[in-house]
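Contents: one structure, followed by commentary.
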Amino acid sequence: MSEQNVTNILVVGIGGQGVMTATEILAQAAIALGHDVKKTEVAGMAQRGGVVSSHLRFGPKVLSPQIMPGTADLLVAFEAAEGLRWCHMLKPGGLVLLNTAHIVPPVVDIGLYQYPDDPIGEIKARGYQVHAFDAMAIALELGDVRLGNTVMLGAMADHLPFPAEALLDAILQRFAAKKPQMVELNRKAFEAGRAAEKSASRAESAEPVPAQ
Amino acid sequence: MASVMPAPSKSRLLLSGNEAVARAVWEAGCHVAAAYPGTPSTEMLEVISTYPDIYAEWSVNEKVSLEVAIGAAFAGSRAFCAMKHVGMNVASDALMTLTLTGVIGGLVIAIADDVGLSSSQNEQDSRFWGRFAHVPVFEPSDSQEAYEMTKLAFDFSEKHQVPVILRMTTRINHVKGLVTVGERIARPNTGGFKKDPARWVMTPAGAGKRIPLMFERDGALKAESEQSPLNVVESGRDARVGFVTSGPAYMHVKESFPDAPVLKLGLSCPVPVEKVRAFAATVDKLVVVEEVEPLVETELKAAGIACHGKDILPKQGELAPNVLKPAIAKLLGEPVPENLAQPAPVFPRPPTMCVACPHLGVYYTLSQIKNLTISGDIGCYTLGAGHPWNALDTTISMGAAMGIALGLDKGRGEADKDKRILAVIGDSTFLHMGMQGLLDIVYNRGNVTVLLLDNRAVGMTGGQPDPGSGRNIYGEPAPRVDFAKLVEALGVKKERIHVVDPYQLPVLFKTIREEIKIPEVSVIITDRPCVLIDDYKKQKPYEVIDEKCTGCGNCVEVGCPAIHVTRREKAIKPSGKEVELQFVRIETAVCTGCGLCVQPCAPEAIVHAEPRRPMRLVKH
């Protein structure tokens, strides 16, 4: 948290992955707990496969909606290379919750650019922590790729300055209003994401700390 | 978007600036709201259209939208129109005379400046219009203020019988914050339109009499600005620097310098010069923080108030804390905060056309034809300038593809004498401002082939309907323009008009090849819907049979984002030339079976996908 007791969470990915929806749900959870909230996107032409970065700031009073480089409390990356692209936004040594999916844009396919060989390794080499898991595989196992953003929300649940249940409530409320038949599946996706993140976290702490 | 049934009064809602303005427009008892879609302004009208008791429309362009609002305001109703910054360039012809007549019903014009260029062709500062047209400018700093100022702007507009500009920026339009909403106050229009030619018919004689009234109004607005509670001093204990600021920059200033005195301008035009002068006397240094141009700064300097501004701050982009803090530290002679971690170099993700977009067929075809100069226009098809097509050579303004094509034709030099001039324009852009350009090509016998890409929607802003869609803003059936008949009526010969399916590559290729050889104007209309709208029907997806793929890469040149290269190999052709082979797969989960990639695939390696294969979006 910053000096003004404001929490900065940056959620990044690609247009169509549900990044903005995930941040919206997170914002609703913070509002339900009485926080002031501002949420802003640098979406550009997001519907066209571009980069999406969604800034969420909450606390007693939020002024600027933008998270500045080096000040994010948590980075949630829906795609591996996007985790690398945005990791400088974190506080030194900060944590990236990362979906291991690689989504390759046409400029890489036609050979103009390279997809990084080891985005997770590069993020760690910059001194940040990474808890990585395959959110898409979890979503597909549950039967619907669109559950991916609920999986990602579940992964955040234990890294927020409020109880996981508050976030789960916000998710379930949203689905109860819009798609009641999806409530139970989303609960499962949330728990699966939470478990996947926990096991990624345990795996990381078991690894020897690399020399800085 | 906000729900159809408005939330009850006193609710605290998480609203974007656009949603907050929409709510306020409705609460203010506004009767007529009009706009042409344009990022970042689009959602204002989209949300207004979900509210009851207010007429909303997508107009064909911003000028018409303002004229509709003007008519409603002349008739005594409250009226609203919204546009992106460049929209006001189009609408300004109406604005510059509207300022002489003024209004009866309140008229608020929301202009969304794209500071930071998230989705625009320039970064112009709409606050200039306040000066140019002698109209007041309100500048909100977040959603709550956007909501409150919109309501105040209607009252202000009626009080001074003047249109009010609500200047927003992307960082207001698209930021969500908490807004406490109120109730709608109905304002039945009882007076009606009052015949008054001296006021409403702006002949030279009539206008000459209204100009002094406009100057008189300037004085009244100035007095308002000096006293307005929207222009407020917030004291601070660190008076080494005092800030004059407005819009989103205000929040950045408060975030960066919580102890500094600030004069916040909510009614920023006309500038409350005396209020600033008094404020300046209380601080050591005065800094004007304004996005984009140094407007307030210049006016303060002209009034003899010493200040800093664009001498220490950029004239481009947002003035966020990471820009402000070092600039002010430098001004104070303090150590400048050190550079933080730098971003990692990662490939770019430029926006691309959608999977199965009908424009893919067009640009693939154009990329295969040599000796073309292609004047483009504004919309998704501007992306044709990018990889892998590189098949668009100019983009300037809405509808410009037509006039620029004619100019390329008439102004061609010796070097271009064999070049074919082709113009590409979408349906909505054609109806917005392209029709007149085509008429000019016809009238002046231009040698131009026009590709009119009719996808039945304003694609780039999210698939809003236009007069070519057959639907209105409410999704109700609406008269649908017949493009072939329209261009024929403009004077294009019937035999030079072709309606072509952009997924039928051989037909499209043949039609373009034939028409560019004919030295007169032709129009080729493609007629398949945008993949983002309901008219588009998905078909059975495709996949690649690995063993059959020869790596020729022809399908990659289509540019569909569902086609991925799995491996590259160097090979020597029988001619001895070295080539790079690209073996591919299709992301079956996102493929919608348009069949474009199948057509250039010689070895027939692309086939309909087997049903129930595990769908994976992930590439490891």
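Under 1.5 on a/c is rounded, so check that first for segment B:221-319, then, if it is not, pick prolate when a/b is larger than b/c and oblate when it is not; a ≥ b ≥ c are the square roots of the alpha carbon gyration tensor eigenvalues. Cα axes put segment B:221-319 in the rounded bin.
Placing a pseudo-label 7 Å from each Cα along the Cα-to-Cβ vector at B:Val607 and B:Arg210 gives an inter-label distance of 7.2 nm.
Sorting B:Tyr542, A:Tyr113, B:Tyr147 by the number of Cβ atoms found within 10 Å of their own Cβ, with the fewest placed first, yields A:Tyr113, B:Tyr542, B:Tyr147. With the helix formula -39500 (n - 2.57) applied to DSSP H stretches of n ≥ 4, chain B reaches a computed 222 nm mean residue ellipticity of -9000 deg cm²/dmol. Residues of segment A:69-112 with the amide nitrogen closer than 19 Å to a label point 7 Å from the Cα of B:Ala329, along Cα-to-Cβ, please. Label zone hits: A:69-72, A:88-93.
Using only the Cα atoms of chain A, build the gyration tensor, take square roots of its eigenvalues as a ≥ b ≥ c, and label the shape rounded, prolate or oblate: rounded if a/c is under 1.5, else prolate if a/b is larger than b/c, else oblate. Please report the intermediate quantities before stating the final value.
Working: a/c = 1.31, a/b = 1.14, b/c = 1.15.
Rounded, because the longest to shortest axis ratio a/c is under 1.5.
The fewest-to-most ranking of B:Thr588, B:Thr101, B:Thr566 by surrounding Cβ atoms within 10 Å reads B:Thr566, B:Thr588, B:Thr101. The mean count of C-beta atoms from other chains within 10 Å of the C-beta of residues in A:96-109, rounded to a whole number, is 5.
Packing order of peptides B:309-315, B:174-180, B:526-532, highest average first: B:174-180, B:526-532, B:309-315 (average count of other Cβ atoms within 10 Å over each peptide's residues).
Just want to confirm a number: the relative contact order over chain A, from Cα pairs under 8 angstrom separated by 6+ residues, in percent. Kindly include the intermediate steps, with their values, before the conclusion.
Values: 409 pairs, mean separation 38.6, N = 212.
Normalised by residue count, the contact order of chain A is 18 percent.
The long axis of helix B:85-101 is offset from the longest Cα principal axis of chain B by roughly 40 degrees. Relative to one another, the C-alpha centroids of segment B:189-247 and segment A:137-212 are positioned 53 Å apart. Using alpha-carbon positions, what is the distance between the centroids of segment B:12-29 and segment B:252-293, in Å? Using only Cα atoms, the two centres lie 27 Å from each other.
Candidate cross-link partners of B:Lys194 among the aspartates and glutamates, defined by an alpha-carbon separation under 16 Å and a same-chain spacing of 8 or more, comprise B:Glu158. Annotation for segment B:353-393 versus segment B:66-126: alpha-carbon center distance of 32 Å.
Take each residue in B:168-178, count the other chain C-beta atoms within 10 Å of its C-beta, and the mean is 5.
Candidate cross-link partners of A:Lys188 among the aspartates and glutamates, defined by an alpha-carbon separation under 17 Å and a same-chain spacing of 8 or more, comprise A:Asp134, A:Glu141, A:Asp144, A:Asp158, A:Glu165, A:Asp169, A:Glu197. Straight-distance candidates among the aspartates and glutamates for linking to B:Lys84, with alpha-carbon spacing under 12 Å and chain neighbours fewer than 8 residues away dropped: B:Glu43, B:Glu62, B:Asp113, B:Asp114, B:Glu123, B:Asp125.
Per residue of B:115-124, other chain Cβ atoms within 10 Å of the residue Cβ number 2 on average.
Using only the Cα atoms of segment A:11-67, what semi-axes does the equivalent ellipsoid have when each is the square root of 5 times a gyration tensor eigenvalue? Give whole Å, largest first.
Values: eigenvalues 103, 28, 7 Å².
They are 23, 12, 6 Å, listed from largest to smallest.
Using a Förster distance of 41 angstrom, determine the FRET efficiency expected from the C-beta separation of B:Ala186 and B:Asp482, and round it to 0.05.
Numbers: r = 40 Å, r/R0 = 0.98.
So, using R0 = 41 Å, E works out to roughly 0.55.
Beyond 40 Å, what share of the Cα-Cα pairs of chain B remains, rounded to the nearest whole percent?
Values: 75029 of 191890 pairs.
Pairs farther apart than 40 Å: 39 percent.
Measuring between alpha carbons in the structure, the pairs from B:Lys485/B:Lys537; B:Lys222/B:Lys275; B:Lys10/B:Lys159; A:Lys38/B:Lys325 lying more than 19 angstrom apart are B:Lys485/B:Lys537; B:Lys10/B:Lys159; A:Lys38/B:Lys325.
Got the relative contact order for chain B handy, in percent, Cα pairs under 8 Å and 6 or more residues apart?
RCO, chain B: 10 percent.
Can you classify the protein assembly as shown as rounded, prolate or oblate using the Cα gyration tensor, where a ≥ b ≥ c are the square roots of its eigenvalues, rounded means a/c under 1.5, and otherwise it's prolate if a/b beats b/c and oblate if not? Oblate shape, in that a/c is at least 1.5 and b/c is the bigger or equal ratio.
Taking every DSSP beta bridge that has both residues in segment A:7-206, what percent is antiparallel when rounded to the nearest 5? Provide the component values of the computation, followed by the final result.
Values: 15 of 29 bridges.
Roughly 50 percent of the DSSP beta bridges within segment A:7-206 come out antiparallel.
Tell me, what is the percent relative contact order of segment B:358-526, built from C-alpha pairs under 8 Å that lie six or more residues apart?
Answer for segment B:358-526 is 23 percent.
Suppose only helical runs count, i.e. DSSP H with n ≥ 4. What mean residue ellipticity at 222 nm does that imply for chain A under -39500 (n - 2.57) per run, divided by all residues and rounded to the nearest 500 deg cm²/dmol?
On the way: 8 runs with 87 residues, N = 212.
Calculated at 222 nm, the ellipticity per residue is -12500 deg cm²/dmol.
A short reminder: the numbers here are calculations on the coordinates, not readings from a lab. Just so it is clear, the structure is predicted and the values come from calculations on it, not from any experiment. With ideal geometry, Cβ positions are generated from the backbone for all residues, glycine too; neighbour counts draw on all protein chains shown.
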